[in-house]
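Structure record follows, encoded as structure tokens.
The values are calculated or read from the model by the stated rules, or taken from the named source; none is laboratory data. Note that this is a predicted model, so its numbers are computed, not measured. Counting neighbours? That spans all protein chains shown, and the Cβs are built from the backbone with ideal geometry, glycine included. What goes into the accessible areas is simple: the full protein's heavy atoms, side chains included, and nothing from ligands, DNA or RNA. Shrake-Rupley method; radii C 1.70, N 1.55, O 1.52, S 1.80 Å.
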Amino acid sequence: MEGFKHVTLVELKELALAAKADLQAAAKSVGRDIKLYLHWSAGHYGSFFDDYHINIDADGNVYTSTDDLAELKAHTWHRNTGAIGISLACCYQATSNNLGPEPPTKLQIEAMAQVVSVLCSALGISIDTEHVMTHGEAADIDGYGINSGDPETRWDLLFLKNGDKWYSGGEILRGKAVFYQQTIKI
Ligand SMILES: [Zn+2]
């Protein structure tokens with residue numbers, strides 16, 4: 001799609017290193033560490049959005065919407081400063097018990113874990129709930145999660161495949177990211 005650039009994990013690492021000082025300064029200005037927020041788009045495979053720094057397609061290919069990962073983007077309410085938004089292009093018509101006709105693919109899930117691993121290494125943050133959170137998890141903390149009744153409710157990545165427990169998505173993604181951090185050398 002126009003305006004989005006395919007990147008390799010090596011290129012992503014370079015972008016992260018280039019943006020690190022600016023991200024650190026922005027995060028520090030609000031008393032935080034750099035954070036990563038993990039989303040799904042609730043749109044179609046192959047459909048990317050400028051709200052996220054990084055979009056991941058159904059085939060696992062990774063696309064950036066900017067060359068500056070420190071650019072402020074509107075992906076996670078009240079949490080955008082010093083944060084990077086990463087989204088899976090999927091989950092059109094998903095409901096809280098059925099991920100619909102375009103669920104996250106295996107390739108997307110693995111690619112997101114690899115992206116998290118590369119970014120956390122480059123940015124010097126650990127892969128834990130403090131620094132890497134799904135939008136669903138952040139929304140729960142901020143009062144607009146799955147059970148909130150808020151009209152703007154968000155529950156991105158609450159689970160990754162039908163039948164999985166609610167809240168398993170973030171744990172699985174962080175677990176895989178830790179595995180990749182220990183096994184892939186970039
Ligand atoms: Zn989201």
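Looking at D150, is it within 16 Å of the ligand (Cβ to nearest atom) and in contact with a His (Cβ under 7 Å, 6 or more places away or on another chain)? No: the conditions fail for D150.
Could you tell me which of the residues A138, A83, A111, A58 is hydrophobic (A, V, I, L, M, F, W, C), within 16 Å of the ligand (Cβ to nearest atom) and within 22 Å of S168 (Cα to Cα)? Break it down into steps so the answer makes sense when it comes.
Values: A83 fails: within 22 Å of S168 (Cα to Cα); A111 fails: within 16 Å of the ligand (Cβ to nearest atom); A58 fails: within 16 Å of the ligand (Cβ to nearest atom).
Going through A138, A83, A111, A58 in turn, the sole match is A138.
Please give the number of the condition R174 fails out of (1) assigned to a helix (DSSP H, G or I); (2) within 16 Å of the ligand (Cβ to nearest atom); (3) open to solvent by less than 60 Å² (accessible area, probe 1.4 Å); (4) charged (D, E, K, R). Evaluating R174 over (1) assigned to a helix (DSSP H, G or I); (2) within 16 Å of the ligand (Cβ to nearest atom); (3) open to solvent by less than 60 Å² (accessible area, probe 1.4 Å); (4) charged (D, E, K, R) leaves (2) as the failure. Within the stretch 134-151, the residues that satisfy the criterion of being free of Cβ contacts under 8 Å to residues at least 60 places away in the same chain and surrounded by fewer than 18 Cβ atoms within 10 Å (Cβ to Cβ) are I141, G143, I146, N147, S148, G149, D150, P151.
If you go through the stretch 75-88, how many residues are assigned to a loop (DSSP other than H, G, I, E, B) and out of contact with any Gly (no Cβ under 6 Å at 6 or more places or on another chain)? Steps first, answer last, please.
The initial filter retains those residues of the stretch 75-88 that are assigned to a loop (DSSP other than H, G, I, E, B), namely 75-82.
Narrowing further to those that are out of contact with any Gly (no Cβ under 6 Å at 6 or more places or on another chain): 76-82.
Matching residues across the stretch 75-88 total 7.
Take the conditions (1) open to solvent by 10 Å² or more (accessible area, probe 1.4 Å); (2) within 16 Å of the ligand (Cβ to nearest atom); (3) out of contact with any Pro (no Cβ under 9 Å at 6 or more places or on another chain); L99 misses just one of them, which is (1).
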